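A.B. asks: What follows is a single structure, and I will ask about it in a moment.
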Amino acid sequence: MYLLPDLLEALNELHLCQRKVSELKSVHNKLHQIELQLEGLWVTIQLQLLRTQKDFEVIKISWEYHVIPTIDDIKDFAADEMQFLEDERFRIDNGNIQGPKWVIELIILQNSFQASMEEPEIGTVNYLTRALLSKCRFHLRSIDKRLLLAVNELDHISDQILGRIPHDSTGSN
């Protein structure tokens with residue numbers, strides 16, 4: 001029967017597309033977690049802006065215990081777990097950062113933030129936090145667009161598979 005190879009090929013496409021959707025959902029969730037932690041850091045900084053005596057230790061704690069682990073999580077995903085996205089895997093070769101923009105751009109800003117905390121100035125820390133939050137939201141929107149396209153592709157493949165399965169007029173296969 002000629003239908004079987006076409007159906008198997010379509011099922012394979014469906015499987016690959018499902019894995020791609022799953023990985024895009026993982027990236028979305030990780031970016032969302034970073035966004036939430038950055039919002040918390042931003043609020044912490046705004047409270048410090050109101051004080052005459054700035055407590056950078058509070059900012060440092062929020063950064064180290066909340067933001068860094070979420071950035072490390074997406075970095076680890078892009079380096080070790082990602083298999084089905086077209087993005088290049090994350091790696092650092094001789095000081096050169098390579099990989100998906102949604103990781104690289106956050107890491108560059110992370111490095112700038114960490115350097116700014118060596119001799120902290122509240123304006124710089126505030127600016128870099130807003131830059132990180134803005135970049136995170138940009139990549140979140142970008143991943144959401146890719147996710148929508150992948151879901152539409154998944155629907156299209158499903159429709160193709162259903163169109164290839166023969167149905168008789170009695171309603172049984």
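Every number here is computed from the coordinates shown, using simple stated rules; none is lab data. Computed from a prediction, not measured in an experiment: that's the story for all the values here. Please note: Cβ atoms are built from the backbone with ideal geometry, for glycine as well, and neighbour counts cover all protein chains shown.
A.B. asks: Specify the angular offset, from 0 to 90 degrees and rounded to the nearest 10, of the alpha carbon long axis of helix 122-164 from the longest principal axis of the alpha carbons in the chain.
C.D. replies: 0
A.B. asks: Count the net charge of all other residues whose Cβ sits under 14 Å from the Cβ of Met117, scoring Lys and Arg as +1 and Asp and Glu as -1.
C.D. replies: Local charge sum for Met117: -4.
A.B. asks: As a footprinting exposure proxy, order Leu8, Leu133, Leu50 by other Cβ within 10 Å, with the fewest listed first.
C.D. replies: Leu50, Leu8, Leu133
A.B. asks: Among the lysines, which have Cα under 28 Å from the Cα of Lys20 when same-chain residues fewer than 8 positions away are ignored?
C.D. replies: Counting by Cα, and skipping residues close in sequence, Lys20 has these lysines nearby: Lys30, Lys75, Lys101, Lys135, Lys145.
A.B. asks: Working from Cα positions, state the angle (0 to 90°, nearest 10) between the long axis of helix 3-50 and the longest principal axis of the chain.
C.D. replies: 20
A.B. asks: Oh, and also: How would Met117, Met82 line up from fewest to most surrounding beta-carbon atoms within 10 angstrom? Please report the intermediate quantities before stating the final value.
C.D. replies: Working: Met117 17, Met82 20.
Going from least to most buried by this count: Met117, Met82.
A.B. asks: What lysines does Lys60 reach when the alpha-carbon gap must be under 18 Å and sequence neighbours fewer than 8 apart in one chain are set aside?
C.D. replies: The reachable lysines, counting only those whose Cα sits under 18 Å from Lys60, number zero.
A.B. asks: What is the order of Val125, Val103, fewest Cβ neighbours within 10 Å to most?
C.D. replies: Numbers: Val125 23, Val103 27.
Fewest-to-most ranking of Val125, Val103: Val125, Val103.
A.B. asks: Now a separate question. Averaging over every viewing direction, what projected area does the convex hull of the Cα atoms of the stretch 29-173 cover, in nm²?
C.D. replies: Averaged projected hull area, Cα only: 12.2 nm².
A.B. asks: Considering only the other residues whose Cβ falls under 12 Å of the Cβ of Ile104, what net charge follows from Lys and Arg at +1 and Asp and Glu at -1?
C.D. replies: Once positives and negatives cancel, what remains is +2.
A.B. asks: Give me the net charge for the shell around Lys54: Cβ to Cβ below 13 angstrom, other residues only, Lys and Arg +1, Asp and Glu -1.
C.D. replies: -2
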